[in-house]
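Novice: The structure under discussion is supplied below as C-alpha coordinates; questions concerning it will follow.
The values are calculated or read from the model by the stated rules, or taken from the named source; none is laboratory data. Because the structure is a prediction, the values reported are computed rather than measured. When we count neighbours, we look across all protein chains shown, and the Cβ atoms used for this are built from the backbone with ideal geometry, even at glycine. Each accessible area value is taken on the protein alone, full model and side chains, heavy atoms only, with ligands, DNA and RNA left out. Shrake-Rupley method; radii C 1.70, N 1.55, O 1.52, S 1.80 Å.
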Amino acid sequence: HTPEIQETVKRFTGQSLDPFFATHLLPVKRGILASIFVKSHTTDIKEIQAAFEQAYSNYPLVRHGTDVNQLAKLQNVVGTPFTHISYTLIENKLYLFSTIDNLLKGAASQAIENLNRTLDLPVSFS
(Lines give C-alpha, C1' and ligand atoms only; values in the text may rest on other atoms or scores of the structure.)
Protein backbone atom coordinates (compact mmCIF):
# COMPACT_ATOMS: atom_id res chain seq x y z
CA HIS A 1 0.00 0.00 0.00
CA THR A 2 2.98 2.31 0.26
CA PRO A 3 2.73 3.50 -3.37
CA GLU A 4 -0.98 4.29 -2.91
CA ILE A 5 -0.23 6.28 0.25
CA GLN A 6 2.52 8.21 -1.51
CA GLU A 7 0.36 8.91 -4.57
CA THR A 8 -2.63 10.08 -2.54
CA VAL A 9 -0.58 12.38 -0.31
CA LYS A 10 1.13 13.86 -3.37
CA ARG A 11 -2.22 14.39 -5.14
CA PHE A 12 -3.89 16.12 -2.20
CA THR A 13 -0.99 18.05 -0.71
CA GLY A 14 1.62 18.39 -3.44
CA GLN A 15 4.12 17.03 -0.90
CA SER A 16 6.24 13.89 -1.24
CA LEU A 17 6.79 11.58 1.67
CA ASP A 18 8.48 8.31 2.47
CA PRO A 19 6.15 6.50 4.88
CA PHE A 20 6.73 3.32 6.81
CA PHE A 21 3.50 1.31 6.58
CA ALA A 22 2.95 -1.74 8.78
CA THR A 23 -0.08 -3.95 9.15
CA HIS A 24 -0.30 -6.15 12.21
CA LEU A 25 -1.14 -9.83 12.34
CA LEU A 26 -3.27 -10.22 15.42
CA PRO A 27 -5.17 -13.19 16.85
CA VAL A 28 -8.58 -11.75 15.92
CA LYS A 29 -11.34 -13.09 13.70
CA ARG A 30 -12.07 -9.75 12.07
CA GLY A 31 -10.40 -6.43 11.63
CA ILE A 32 -7.21 -4.87 10.36
CA LEU A 33 -4.99 -2.47 12.23
CA ALA A 34 -2.41 -0.54 10.23
CA SER A 35 0.31 1.76 11.52
CA ILE A 36 1.91 4.43 9.36
CA PHE A 37 4.88 6.51 10.44
CA VAL A 38 6.26 9.47 8.51
CA LYS A 39 8.32 12.61 9.04
CA SER A 40 5.90 15.51 9.08
CA HIS A 41 6.30 18.84 7.32
CA THR A 42 4.58 20.49 10.29
CA THR A 43 4.82 20.34 14.06
CA ASP A 44 1.27 21.67 14.49
CA ILE A 45 -1.34 18.96 15.11
CA LYS A 46 -4.06 21.44 14.11
CA GLU A 47 -2.71 21.41 10.55
CA ILE A 48 -2.96 17.61 10.51
CA GLN A 49 -6.51 17.75 11.91
CA ALA A 50 -7.51 20.36 9.32
CA ALA A 51 -6.17 18.20 6.49
CA PHE A 52 -8.19 15.19 7.67
CA GLU A 53 -11.28 17.32 8.19
CA GLN A 54 -11.00 18.67 4.67
CA ALA A 55 -10.48 15.21 3.21
CA TYR A 56 -13.29 13.47 5.12
CA SER A 57 -15.80 16.19 6.10
CA ASN A 58 -18.37 14.91 3.61
CA TYR A 59 -17.67 11.23 4.14
CA PRO A 60 -19.61 9.77 7.07
CA LEU A 61 -17.88 6.38 7.13
CA VAL A 62 -14.53 7.77 8.27
CA ARG A 63 -14.00 8.87 11.83
CA HIS A 64 -10.70 10.53 12.64
CA GLY A 65 -9.00 12.36 15.42
CA THR A 66 -6.26 12.42 18.01
CA ASP A 67 -7.91 9.96 20.42
CA VAL A 68 -5.63 7.04 19.57
CA ASN A 69 -6.80 5.05 22.61
CA GLN A 70 -10.38 4.88 21.28
CA LEU A 71 -10.04 5.14 17.51
CA ALA A 72 -7.28 2.52 17.18
CA LYS A 73 -9.30 -0.23 18.88
CA LEU A 74 -10.53 -2.95 16.54
CA GLN A 75 -13.52 -3.61 18.81
CA ASN A 76 -14.82 -0.15 17.88
CA VAL A 77 -15.01 -0.92 14.15
CA VAL A 78 -15.82 -4.65 13.98
CA GLY A 79 -19.37 -5.07 12.74
CA THR A 80 -19.47 -1.57 11.28
CA PRO A 81 -18.68 -0.03 7.87
CA PHE A 82 -16.50 2.62 9.53
CA THR A 83 -12.83 3.36 9.10
CA HIS A 84 -11.17 4.89 12.14
CA ILE A 85 -8.03 6.94 11.62
CA SER A 86 -6.18 8.29 14.60
CA TYR A 87 -3.04 10.34 14.64
CA THR A 88 -0.55 11.94 16.92
CA LEU A 89 2.34 14.24 16.19
CA ILE A 90 5.52 14.09 18.24
CA GLU A 91 7.99 16.76 17.15
CA ASN A 92 8.14 16.22 13.37
CA LYS A 93 7.03 12.58 13.44
CA LEU A 94 3.46 11.75 12.48
CA TYR A 95 2.02 8.49 13.76
CA LEU A 96 -1.17 7.31 12.02
CA PHE A 97 -3.28 4.31 12.96
CA SER A 98 -6.12 2.95 10.85
CA THR A 99 -8.65 0.30 11.83
CA ILE A 100 -11.32 -1.37 9.72
CA ASP A 101 -13.53 -4.43 9.76
CA ASN A 102 -11.99 -6.28 6.84
CA LEU A 103 -15.24 -8.15 6.16
CA LEU A 104 -17.38 -5.01 5.94
CA LYS A 105 -14.74 -3.11 4.01
CA GLY A 106 -14.14 -6.00 1.61
CA ALA A 107 -14.71 -5.92 -2.13
CA ALA A 108 -18.49 -6.49 -2.07
CA SER A 109 -19.12 -3.75 0.48
CA GLN A 110 -16.75 -1.41 -1.32
CA ALA A 111 -18.68 -2.01 -4.54
CA ILE A 112 -21.96 -1.06 -2.87
CA GLU A 113 -20.36 1.96 -1.21
CA ASN A 114 -18.86 3.13 -4.52
CA LEU A 115 -22.14 2.59 -6.38
CA ASN A 116 -23.95 4.66 -3.75
CA ARG A 117 -21.38 7.44 -4.14
CA THR A 118 -21.65 7.32 -7.94
CA LEU A 119 -25.45 7.60 -7.74
CA ASP A 120 -25.29 10.35 -5.09
CA LEU A 121 -26.95 8.06 -2.56
CA PRO A 122 -25.96 7.94 1.10
CA VAL A 123 -22.86 5.80 1.57
CA SER A 124 -24.06 4.55 4.94
CA PHE A 125 -25.33 0.99 5.16
CA SER A 126 -27.82 1.77 7.92
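Novice: State in Å² the accessible area per residue of the stretch 1-52; use a 1.4 Å probe, count heavy atoms of protein chains only, and round to the nearest integer.
Specialist: 75
Novice: Between helix 45-56 and the chain, what is the angle of the helix's C-alpha long axis to the longest principal axis, kept within 0 to 90° and rounded to the nearest 10?
Specialist: That helix lies at roughly 30 degrees to the long axis.
Novice: Amide H neighbours of Thr83 under 5 Å, counting only residues 5+ apart in sequence or on other chains, H built in-plane at 1.01 Å?
Specialist: Val62, Arg63
Novice: Can you count the Lys pairs in the chain with C-alpha separation below 25 Å, eight or more apart or on different chains?
Specialist: The result is 12.
Novice: Also, quick follow-up: Equivalent-ellipsoid semi-axes (√(5λ), Cα gyration tensor) for the chain, whole Å, largest first?
Specialist: Values: eigenvalues 116, 66, 39 Å².
So the three semi-axes of the chain are 24, 18, 14 Å.
Novice: Magnitude of the Cβ-charge dipole of the stretch 52-126, K/R +1 and D/E -1, about the Cα centre, nearest 20 debye?
Specialist: Here the size comes out at about 120 debye.
Novice: For the chain, what proportion of DSSP beta bridges, expressed in % and rounded to the nearest 5, is antiparallel?
Specialist: Percentage antiparallel, nearest 5: 85.
Novice: Among 4-15, 76-87, 53-64, how do they line up from the highest to the lowest mean number of other beta-carbon atoms within 10 Å?
Specialist: Values: 4-15: 11.6, 76-87: 19.4, 53-64: 13.8.
In descending order of packing, they fall as 76-87, 53-64, 4-15.
Novice: If one takes the longest principal axis of the Cα atoms in the chain, at what angle in degrees, from 0 to 90 and to the nearest 10, does the Cα axis of helix 107-118 lie?
Specialist: The angle comes out near 80 degrees.
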